[in-house]
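The values are calculated or read from the model by the stated rules, or taken from the named source; none is laboratory data. Because the structure is a prediction, the values reported are computed rather than measured. Heads up, the Cβs are rebuilt from the backbone with ideal geometry, glycines too, and the neighbour counts pull from every protein chain shown. Accessible surface areas use protein heavy atoms only, side chains included; no ligands, DNA or RNA. Shrake-Rupley method; radii C 1.70, N 1.55, O 1.52, S 1.80 Å.
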Amino acid sequence: MAINTYSSLQTAVANWLDRSDLTDRIPEFITLAEARMNRILRIRIMESVKVMSLVGGTKRYPLPSDYLQLRTIKFTKSALATDSLNSDMTDSQNTAVLGDATPSGGILSGGFSSSGTVMIGLEQMDYTGISTNTLTGVTRGVNGTTAATHNSGDTVSQIYKSFTSGTISDKTRPIDPLQYVSPELLARVYAGNSTGRPKVYTMRAGYLLFGPVPDSIYQLEIDYYAKVAALTDSATTNDMLTNNPDVYLYGSLLEAEPFLMNDERVQLWGIAFKQAMDDLQLQDDKDSHSGTELRVMNTSGYH
């Protein structure tokens with residue numbers, strides 16, 4: 001039997017345990033196995049690249065919910081899409097009329113997306129649709145900002161407060177890397193209210209923090225290791241299960257045996273699970289550096 005779906009994995013675990021009375025418990029064993037994978041593995045199928053907006057005056061931004069470990073972080077000073085209001089806007093109006101909803105020059109090639117978040121002055125607004133050049137379904141004063149009146153000609157910039165798939169690396173704008181500093185150093189060097197172009201970052205309590213505090217809209221791209229996408233009744237497969245069913249099977253069996261008080265089997269499945277994990281990590285490490293001869297690089301280039 002192929003082990004390539006959540007259901008077939010549960011069936012395999014029951015078969016290998018030779019038990020038919022664990023229907024409610026096997027999903028728990030699978031979840032615990034995923035937790036072990038997330039603590040140990042760092043392989044390419046776990047890599048993720050996401051883009052978010054840094055907003056002027058805001059220092060703290062939440063890490064992605066599936067975040068495990070950072071690889072690289074960089075930014076560019078460019079909005080996703082930018083235009084201007086084509087008419088005045090009251091502080092309770094739920095539409096925003098733009099001059100052009102499909103402007104060029106932003107990161108989004110087609111202009112404003114069909115829904116999202118925009119910033120006008122200091123106010124952020126969510127919108128749910130676009131009708132010609134009008135943003136519709138506008139919710140005022142989101143993300144802790146205050147609804148205000150705005151004038152025709154004011155700049156409208158699309159931003160995101162949540163992470164979205166994408167990239168800022170399109171070779172048309174300068175890309176700046178950010179340097180990590182400790183939370184203590186960031187607090188000491190950038191303790192005041194000064195703003196500017198971000199130079200450093202740190203992480204604390206599930207947030208990214210930047211110094212200086214961003215003075216404008218910047219697009220941030222983070223390359224990181226993400227958690228294995230959890231298997232559920234509605235999310236029935238993922239890349240890890242498709243490519244490495246043995247890791248899921250051995251990990252689930254390892255978690256099951258203590259529950260069944262089969263202590264003598266814990267070591268067996270522990271060895272099998274560790275070997276599968278070690279083989280997977282070693283294979284990925286080797287493949288990451290294959291295809292070219294090794295060369296040493298110094299300040300003057302490759303040798």
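The table below gives the values:
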quantity	calculated
Wholly within the stretch 192-255, strands (runs of 3 or more DSSP E) carrying at least 3 residues that are open to solvent by 20 Å² or more (accessible area, probe 1.4 Å) and farther than 25 Å from residue 167 by Cα	none
Positions within the stretch 106-142 being modelled with pLDDT under 90 and in contact with a His (Cβ under 9 Å, 6 or more places away or on another chain), in sequence order	none
Residue tally, condition touching a His at 6+ places or on another chain (Cβ under 9 Å) and either assigned to a strand (DSSP E or B) or closer than 13 Å to residue 119 by Cα (or both), over the stretch 75-90	2
All positions within the stretch 230-244 that are within 14 Å of residue 30 (Cβ to Cβ) and touching a residue at least 12 places away in the same chain (Cβ under 8 Å)	230, 231, 232, 233, 235, 236, 237, 240, 241, 244
Output for the stretch 58-99, where each listed residue is under 20 Å from residue 180 (Cα atoms) and over 17 Å from the mean Cα position of the chain (by Cα)	58, 59, 76, 77
Residue count, the stretch 195-221 (criterion: touching a residue at least 60 places away in the same chain (Cβ under 8 Å), touching a Phe, Trp or Tyr at 6+ places or on another chain (Cβ under 8 Å) and of a type in the set (Val, Ile, Thr))	1
Some residue of the stretch 98-109 being open to solvent by 60 Å² or more (accessible area, probe 1.4 Å) and farther than 19 Å from residue 153 by Cα	yes
Residue 152 in a loop (DSSP other than H, G, I, E, B), modelled with pLDDT of 90 or more and of a type outside the set (D, E, K, R)	yes
The lone exception for residue 85 - which of (1) open to solvent by 70 Å² or more (accessible area, probe 1.4 Å); (2) touching a residue at least 40 places away in the same chain (Cβ under 8 Å); (3) over 18 Å from residue 53 (Cα atoms) it fails	(1)
Meets criteria (of a type outside the set (Val, Ile, Thr), under 16 Å from residue 84 (Cβ atoms) and not in a loop (DSSP other than H, G, I, E, B)) for residue 157	yes
Single match in 211, 166 (criterion: at positive phi, among the small types (Gly, Ala, Ser) and touching a strand residue (DSSP E or B) at 6+ places or on another chain (Cβ under 9 Å))	166
Those residues of the stretch 40-70 which are surrounded by 16 or more Cβ atoms within 10 Å (Cβ to Cβ), assigned to a strand (DSSP E or B) and of a type outside the set (A, V, I, L, M), in sequence order	48, 50, 53, 61, 67
Condition met for residue 115 (farther than 30 Å from residue 282 by Cβ and among the hydroxyl-bearing types (Ser, Thr, Tyr))	yes
From the options 228, 142, 247, residue that is of a type in the set (A, V, I, L, M) and touching a strand residue (DSSP E or B) at 6+ places or on another chain (Cβ under 6 Å)	142
